[in-house]
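**Student:** Encoded as structure tokens, here's the structure I'll be asking about.
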Amino acid sequence: MDRVPLEKKVLSENDRIAAALRARFHAHGILCLNLISSPGAGKTTLLEQTLARFGRDERVAILTGDVQTDNDARRLARFGFPVRQITTGGACHLDARMVERALAEWRLDDLDLLLIENVGNLVCPASYDLGEAAKIVVLSVAEGDDKPLKYPAIFFRAELLILSKTDLLPHVPFDMAAARDNSRRVHPEIEVLELSATSGAGMETWLDWLEARRHPTPAAAPAPVATSTKSAP
Amino acid sequence: MPGFGCRVKKGSLTPDTCSSMHELSIANSILEAARAEAARRPGARLVKVGVRVGELSGVEPDALSFSFEALVRGSDLEPLALEIETCPRRQRCSLCGRIFRVVDFDLCCPDCGAFESRCISGDELEMVYLEIEEAQVAPAPEMGLRAAARAGEREWKNGPSSLGKESPQ
């Protein structure tokens, strides 16, 4: 009996494709963001309201993933920017190969922002690197403020937490301070924004965050990240 | 892992099980990697695969074992076994350098009480090893038919006594 050491990532094939995508995005000056939440947290509405605030000359495109239907792509296509639906047909997350295929017909030279709306799921998408510059987790106030503790993997990997649907706060028992505290217990460096895409409150802060990531000042520009893990060497 | 995270060839798992079980697609990735390794060693039999799963990886070890067994059952890889090593979250204190295990999300350094630290383990999802039974060496061609037959006879005679001594699990 031989024991052969392997020491490679289980998802090394996905990671290989993601690394190639990340290199392409970097070469074309594209900021790619991967939005992740449970189903119904408001990712599509947030994207609609974001696109509605963009000028016609913005070089932005959207990939949206769902298990079935192209409903989200239709909602997002109304704003006149390139949108493509990825229907996973059962898979609970997007993987790098799906993104690679979906991008095949777009000229990356025409873009400088790619927003990926992942399949609604707080578990699986956390494991799959899509070549994004950052993962963003969206948590609506209609959910539990302890979700960061229940699903730590995604809060650990996300750079930004968006607390959405804040217009519902008067009607739900969600504790904003507890949600922030819980997310920081999992990931002390996570940034947190509060907004309501419906009322528009907080949308400016989100657009400012996007703008700062798209055009970082030289001092604030983060070094290109080679992997999506947080592990120190 | 082309396209779909999980493709089930045999057994009773349905697409519904697929979409609700993250670990099934992870198990499938492990099997694909194991198959690729086996393909480089013609005739070898895969016995066991070892993986490392961090508590922040988002992968539940019990569900991964369940999915792995379900995928292996009835497949060409049966009875391939899976060994999972779970890795707790560990942080290195940025002030005093102490490495400590994080329990219940408590990020306070037990030595100096600082809250600034870096995560150094806990998000692993790695293949660690493969246990392989190499192919039986065929009789050398120059041995001749008669010698080969004698060798085969010896093997047959010794065979039953060596059963059960193999691979203590």
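The values are calculated or read from the model by the stated rules, or taken from the named source; none is laboratory data. Since we're looking at a predicted model, the values are computed, not measured. Using ideal geometry, Cβ is built from the backbone for each residue, glycine included, and neighbour counts are taken over all protein chains shown. Each accessible area value is taken on the protein alone, full model and side chains, heavy atoms only, with ligands, DNA and RNA left out. Shrake-Rupley method; radii C 1.70, N 1.55, O 1.52, S 1.80 Å.
**Student:** Taking θ as phi - 60°, what are the ³J(HN,Hα) couplings along segment A:56-65 by the Karplus curve (6.51, -1.76, 1.60), each to the nearest whole Hz, with x for Gly and Pro?
**Tutor:** Ordered by residue, 3J(HN,Hα) equals 4, 8, 5, 9, 10, 9, 10, 10, 10, x Hz.
**Student:** Additional query: Which residue fluctuates the most in chain A, going by a Gaussian network model with Cα springs under 10 Å, if the choices are A:LEU63, A:LEU103, A:LEU130?
**Tutor:** For chain A, modelled as a Gaussian network with Cα springs under 10 Å, the answer is A:LEU103.
**Student:** Here's something else I'd like to know. What's the buried accessible area, both sides, between B and A using a 1.4 Å probe, rounded to 100 Å²?
**Tutor:** In total, this chain pair buries about 3700 Å².
**Student:** Once the whole set of protein chains is in place, how much accessible area is left on B:PHE66, using a 1.4 Å probe, in Å² to the nearest 10?
**Tutor:** 120 Å²
**Student:** Would you rank A:HIS187, A:HIS215, A:HIS171, A:HIS28 by solvent-accessible area, highest first, keeping every protein chain in place and using a 1.4 Å probe?
**Tutor:** A:HIS171, A:HIS215, A:HIS28, A:HIS187
**Student:** Using alpha carbons only, how many angstrom separate the centre of segment B:62-81 from the centre of segment A:17-92?
**Tutor:** The two parts, judged by their Cα centres, are 35 Å apart.
**Student:** Could you derive backbone 3J(HN,Hα) for segment B:46-55 from the dihedral phi with the Karplus parameters 6.51, -1.76 and 1.60 (θ = phi - 60°), listing whole Hz in sequence and x where the residue is Gly or Pro?
**Tutor:** 7, 10, 8, 10, x, 10, 10, 10, x, 6
**Student:** HN-Hα J couplings of segment A:41-53 from phi, Karplus 6.51/-1.76/1.60, θ = phi - 60°, integer Hz, Gly and Pro as x?
**Tutor:** These are the phi-based 3J(HN,Hα) values: 7, x, 4, 5, 5, 4, 5, 4, 6, 6, 4, 4, 8 Hz.
**Student:** Any idea how far the Cα center of segment B:88-105 sits from the one of segment A:143-175, in Å?
**Tutor:** 25 Å
**Student:** What does the structure give for B:49-61 when I average, per residue, the other chain Cβ atoms found within 10 Å of the residue Cβ?
**Tutor:** Partner Cβ neighbours, averaged per residue: 4.
**Student:** Peptide B:24-31: average number of partner chain Cβ atoms within 10 Å per residue?
**Tutor:** 3
**Student:** So what is the relative contact order for chain A, in percent, with contacts set as C-alpha pairs under 8 Å and at least six apart?
**Tutor:** This gives 23 percent for chain A.
**Student:** Still on this model: Across chain A, where is the longest run that never hits GluC sites (Glu not before Pro) in a DSSP loop with at most 12 other C-beta atoms within 10 Å?
**Tutor:** The reported range is A:1-104.
**Student:** Taking each residue in A:184-195, count the Cβ atoms of any other chain within 10 Å of its Cβ, then average. What number comes out?
**Tutor:** 2
**Student:** Provide the three semi-axes, in whole Å and in decreasing order, of the ellipsoid equivalent to chain A as defined by the square roots of 5 times the Cα gyration tensor eigenvalues.
**Tutor:** 26, 23, 18
**Student:** Amide H neighbours of A:LYS8 under 5 Å, at least 5 residues apart or on other chains, H built in the peptide plane: list them.
**Tutor:** HN-HN under 5 Å from A:LYS8: B:MET127.
**Student:** Right, another one. Of A:LYS43/A:LYS147; A:LYS8/A:LYS147; A:LYS9/A:LYS43; A:LYS43/A:LYS150, which sit over 25 Å apart, Cα to Cα?
**Tutor:** A:LYS8/A:LYS147; A:LYS9/A:LYS43
**Student:** Moving to a separate point now. Distance in nm between label sites at A:ASP70 and A:ARG53, each 7 Å beyond Cα in the beta-carbon direction?
**Tutor:** Each label point lies 7 Å from its Cα, and together they span 2.9 nm.
**Student:** Give me the one-decimal nm value for the distance between modelled label points at B:GLU83 and A:ASP109, 7 Å along each residue's Cα-to-Cβ direction.
**Tutor:** 5.4 nm
**Student:** Let me ask you something else. Given +1 on the Cβ of Lys and Arg, -1 on the Cβ of Asp and Glu, and no further charges, what dipole in debye does chain A carry about its Cα centre, rounded to the nearest 20?
**Tutor:** The dipole magnitude comes to about 360 debye.
**Student:** Okay, moving on. So what is the diffusion coefficient of segment A:1-117 in µm² per second by Stokes-Einstein at 37 °C and 0.692 mPa s, using a Kirkwood Rh over Cα pairs?
**Tutor:** 211 µm²/s
**Student:** Can you give me the long-range amide H partners of B:VAL49? Hydrogens built in the peptide plane at 1.01 Å from N, cutoff under 5 Å, separation of 5 or more residues or another chain.
**Tutor:** Close amide H contacts, sequence-distant or interchain: B:ALA81, B:LEU82, B:GLU83, B:GLU131.
**Student:** What residue among A:CYS32, A:HIS93, A:ASN71 has its Cα farthest toward the positive end of the dipole of chain A, where the charges are +1 on Lys, Arg and -1 on Asp, Glu, each on the Cβ?
**Tutor:** Going by the Cα projections, it comes out as A:HIS93.
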